[in-house]
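Please read the structure below before turning to the comments.
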Amino acid sequence: MVPFYVLVVSFTLFRVLGLFGWSYFDGWQTSLQGAVAVMLLVTASAHWGKSRQDLIRMVPPAFPRPNWLITATGWLEIAGAIGILLPATSRVASICLAMLLIAMFPANVKAARERLTIGGRPTPKLLARTLLQLVFLAAVLLAGSAS
């Protein structure tokens, strides 16, 4: 749930900054791009922090080298955070991020079914996780839609 809260709070903050005159955040899309970037940087940080082992446990056994996959997805999240902010790459970044979210979804299914924890907190149940994933998919696709 933390990524969802980060997305909502940072979007709101960027919109308020736009309303108070920071012209970069005048529109909803640049605010959403900023919010998606912040969310991705927060989620990427877990790939090397205290939650790393929890993320490794989430990787389904059908996928080889879970340690490497967690590192790779962390770097892809960082690349996506940068790419979504750049006008020349935001559309491609949003599509790639959507594919990344879809590719990572089996790990979320495993975590929900096995009632795993991340950083000591239980992962959301499968229905909630699926709805969150749809929100994240919509956010990344909308962030790159008009660029």
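The values are calculated or read from the model by the stated rules, or taken from the named source; none is laboratory data. Only a predicted model underlies this, so the values are computations on that prediction, with no experimental measurement involved. As a convention, Cβ positions derive from the backbone with ideal geometry for all residues, glycine included, and neighbour counts pool all protein chains shown. Remember, those area values only see protein heavy atoms, side chains included, never the ligands or the DNA or RNA. Shrake-Rupley method; radii C 1.70, N 1.55, O 1.52, S 1.80 Å.
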Computed over the range 69-147, the relative contact order (Cα-Cα under 8 Å, seq sep at least six) in percent reads 38 percent
A 1.4 Å probe over the protein heavy atoms gives the chain a carbon and sulfur accessible-area percentage of 74 percent
So the pair-distance distribution of the range 14-94, from every Cα-Cα distance in 5 Å bins, comes to percents of 3, 16, 19, 17, 15, 12, 9, 5, 3, 1, 0
Rounded to the nearest 10 degrees, the helix 66-85 long axis (Cα) sits at an angle to the longest Cα principal axis of the chain of 10 degrees
Residues meeting the amide H criterion for I118 (H placed from the backbone, H to H distance under 5 Å, 5 or more places apart or on another chain) are T123
Output for the range 40-147: chymotrypsin sites (Phe, Trp or Tyr not before Pro) sitting in coil per DSSP, at most 13 other Cβ within 10 Å, listed by number, reads W48
Taking Cα pairs closer than 8 Å and at least 6 residues apart, the relative contact order of the range 1-140 in percent is 23 percent
In degrees, nearest 10, the alpha-carbon axis of helix 28-45 is tilted away from the dominant principal axis of the alpha carbons of the chain by 30 degrees
Listed by chain and number, the residues whose amide H is under 5 Å from that of V59, excluding neighbours fewer than 5 places away on the same chain and using placed H, are none
With every protein chain kept in place and a 1.4 Å probe, the residues M104, M58 fall, from largest accessible area down, as M104, M58
To the nearest Å², the heavy-atom accessible area per residue of the chain with 1.4 Å probe amounts to 57 Å²
Here the Cα Rg-to-2.2 N^0.38 Å ratio for the range 27-141 is 1.05
Longest principal axis of the chain (C-alpha) makes with the long axis of helix 126-143 (C-alpha) an angle, in degrees to the nearest 10, of 30 degrees
The ³J(HN,Hα) series, computed from each phi in the range 98-105 with the Karplus coefficients 6.51, -1.76 and 1.60 at θ = phi - 60°, rounded to the nearest Hz and given as x for glycine or proline, is 4, 5, 5, 4, 5, 5, 7, 4
The convex hull of the Cα atoms of the range 22-69, divided by residue count, gives a volume in Å³ per residue of 94 Å³
Evaluated at 25 °C and 0.890 mPa s, the Stokes-Einstein D of the range 85-147 based on the Kirkwood radius over Cα pairs, in µm²/s, stands at 194 µm²/s
Magnitude of the Cβ-charge dipole (Lys and Arg +1, Asp and Glu -1) of the chain about the Cα centre, nearest 20 debye, reported as 520 debye
